[in-house]
Structure formats: C-alpha cells, structure tokens
C-alpha cells in the first residue's frame, strides 16, 4: 500500500491538484487528507505532499506522522514547501530565514518544491498535467490571481481567485494574461509554466522560494517593477524532469 497524504481540499485548486498520485503510477495507492491525522497500517509506504505543508497549521500532523515511522516501510516527502510567514490580512511578509523543521530529518527521502534548501529541488507535481501542453491565447495585458482569503489591493485588471477545483478554468485565466499579478504560490508557479511573466505580492513567504523567480513587489509598486518580470521558457521541461527523476528514486523505496 502507498498512502499519499496531502491537503485534500477540493475548495483550493492548488491543494487539490498537487498530489503526485495524480500523475505517477506507483501501484496500489490511496489518498488521505493530512487534517484527518491518519493512523497508518503497519508496513505502509507513505508519500507526503505536495503543497505548503511545512507550516504551523500542519506541524502537529506531520510530527504525529513521524512518530509512526517505526512501523512504516518508507516515509517520503514529495514537492512539499515552506509556508511559515503568512499575513492573512494582506500585509507583506519577509522570507523565512530560520532553519526548516527538524522533523524532515526523519524522512527517508525529501524533495522540496522550494529552491535553494539543503534538500533536492522537486517542484509541485502538478506540472505533469497535460493541460500545460495546450496553447493559451493572450487576451489581456494584465490579470490578477489572488488567494481566496487574501484579496490583492489592486483594481482594474480581470481577476480570479484559487477557490474550487477547476484547473482547466484557472489555467485558461492565467494564460489569458501577458502579465500575472498574484499572491498565490500556484498562481505564480502555473503562470510561469505557461510562459507568462509574473509579479508576486508576498503575503506568504513561500513566494520567495520559486526556482523560476517572479518579480516581488508591493501592490502599489507593481507597475514600476513589471518590466523586470521574466519569461522562463525552460521552466516546464525542468520541472517535469525533476519530478520524473524523483519518481525513479521513490520507486526504489516502494518496489
């Protein structure tokens, strides 16, 4: 048995589409919500991720999972990321500069979606979705994609938030903009994979950790910094290659 533990939340499109089990065949697999704090059968292979699970909200669940390690066959983190500085009122936060939690050392294998940590870079597995292979026509010079609980204080451009589970509609929206302004991790990540320029509003520290970095700006300064936003034509291939390579390593534990 392989248990995939992630934030199985159909009201948040990024959480809903981040689980590696959606894109890779590892045999008999089940999906479990981390908030259920599941008790796992003896001998289970466990994959935690993806998503911003390195956060205060989820720390007790991950620590409880680590305590079950002696009875597990393997414990793997795939595409997990840090979300330790958050301002849900829309204030700006600094990067997280303290060490990552020690519980990560109890995993057999760790792949971090965050770039530049002591662990291998393995971005969110959602990059494997075939929706990223479709063309998307640019219809607007700028679009805004915001977290459903943290509105962005910019008016004018078309806007959408990350509520729901309709990935096709979200990618069509992100792809419709030449420039995407966002405070959503997956908004920045997916827009980059679609070949769009991104300005990120850092209401959450995880926005500082993308390998293909967006421009970071305050809401009242986005127009000033927008010309510095880059397209990363290599991003989709790099992200998929990293996930395929990590999948091969995971197979060594679960086969």
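Derivation of every value follows stated rules applied to the coordinates shown; laboratory data play no part. Every value quoted in this text rests on a predicted model; they were computed, and no experiment measured them.
Let me have the relative contact order for the chain, percent, based on Cα pairs under 8 Å that are six or more residues apart. Kindly include the intermediate steps, with their values, before the conclusion.
On the way: 547 pairs, mean separation 47.1, N = 255.
18 percent.
Each principal axis of region 129-234 carries a Cα extent, and these read 34, 29, 26 Å when sorted largest first.
Of all the options 217, 226, 168, the one that moves most in a Gaussian network model of the chain with Cα springs shorter than 10 angstrom is 168. Beta bridges assigned by DSSP with both partners in region 129-234 are antiparallel in approximately 5 percent of cases.
Taking only C-alpha pairs under 8 Å that are 6+ residues apart, what is the relative contact order of region 129-234 in percent? Relative contact order comes out at 24 percent. Result for the chain in a Gaussian network model with C-alpha springs under 10 Å: among 172, 235, 94, the largest mean-square fluctuation is at 94.
The distance separating the Cα centre of region 83-118 from that of region 127-153 comes to 24 Å. Given q = 0.29 Å⁻¹, what are the Debye log10 I(q)/I(0) values for region 1-41, with equal point scatterers placed on the Cα positions and solvent ignored? For region 1-41 at q = 0.29 Å⁻¹, log10 I(q)/I(0) is -1.05.
Taking 8 Å as the Cα distance limit and 6 or more residues as the minimum spacing, I'd like the relative contact order of region 54-115 as a percentage. Kindly include the intermediate steps, with their values, before the conclusion.
Details: 55 pairs, mean separation 28.7, N = 62.
Rounded, it is 46 percent for region 54-115.
Of all DSSP bridge pairs formed entirely within the chain, close to 10 percent run antiparallel.
Would you compute, from DSSP H runs of 4+ residues alone, the mean residue ellipticity of the chain at 222 nm, taking -39500 (n - 2.57) per run and dividing by the full residue count, rounded to the nearest 500?
Details: 6 runs with 55 residues, N = 255.
Counting only the DSSP helices, I get -6000 deg cm²/dmol.
Where the convex hull is taken over the Cα atoms of the chain, what is its projected area averaged over directions, in nm²? It would help to have the intermediate numbers written out before the result.
Values: hull surface 50.2 nm².
Seen from a random direction, the Cα hull of the chain projects 12.5 nm² on average.
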